[in-house]
Amino acid sequence: MGEISIKINIADRVYPLKVSMEEEEIIRRAAKLIGDRLKEYQENYAVRDKQDLLSMAVLHYATASLKAERKVTVEDTEVADGVYKLDQLLTDFFSK
């Protein structure tokens, strides 16, 4: 599908973007999450500077991303180990 033009508002700034139609909903949801996070930080930490709020939000989402990435890596390793053990059991069983 083709690209469409959208405008996203983050921290009182409008960003015009060209995105694929498949990405539009995800980008809009991401912008809303960022906006909600900025509002939360502004209300809870008495921070008013938009740059500081954006930096805190970026740190939050980068940390969450790295944690999710690490979790997937650990789970992949555990699954791979399980498959290897199962393969060994089957190999031993059928080689007898």
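Each residue in 28, 37 was given a count of other beta-carbon atoms within 10 angstrom of its own, and listing them fewest first yields 28, 37. Helix 50-94 and the long axis of the chain differ in direction by around 10°, with both axes built from C-alpha atoms.
In this label model, residue 43 and residue 61 are separated by 2.0 nm, measuring between points 7 Å along each Cα→Cβ vector. Largest first, the extents of the alpha carbon coordinates of region 51-96 on the three principal axes equal 67, 6, 5 Å. Check each of the GluC sites (Glu not before Pro) in region 26-73 and keep only those in coil by DSSP with at most 16 other C-beta atoms within 10 angstrom; list them in order. Sparse-neighbourhood loop GluC sites (Glu not before Pro): none present. Projecting the Cα positions of 89, 63, 73 onto the charge dipole of the chain (unit charges on Cβ atoms of Lys, Arg, Asp and Glu, taken about the Cα centre) puts 63 furthest along the positive direction.
Under 27 Å of direct C-alpha separation, and excluding same-chain neighbours fewer than eight residues apart, residue 18 reaches these lysines: 7, 32, 39, 50.
At full extension, residue 23 and residue 71 could sit 14.8 nm farther apart than now, given 0.36 nm per residue minus the alpha carbon distance. Projected over all directions and averaged, the alpha-carbon convex hull of the chain occupies 9.9 nm².
When 50, 67 are sorted by how many other C-beta atoms sit within 10 angstrom of their C-beta, beginning with the fewest, the order is 67, 50. About its Cα centre, the dipole of the chain is roughly 380 debye, where the only charges are +1 on Lys and Arg Cβ and -1 on Asp and Glu Cβ.
Every read-out reported here was derived from the displayed coordinates using simple, explicitly stated rules and does not represent laboratory data. In this text the structure is predicted, and so the values were computed from the model without any measurement. Every residue, glycine as well, gets a Cβ built from its backbone with ideal geometry; the counts of neighbours run over all protein chains shown.
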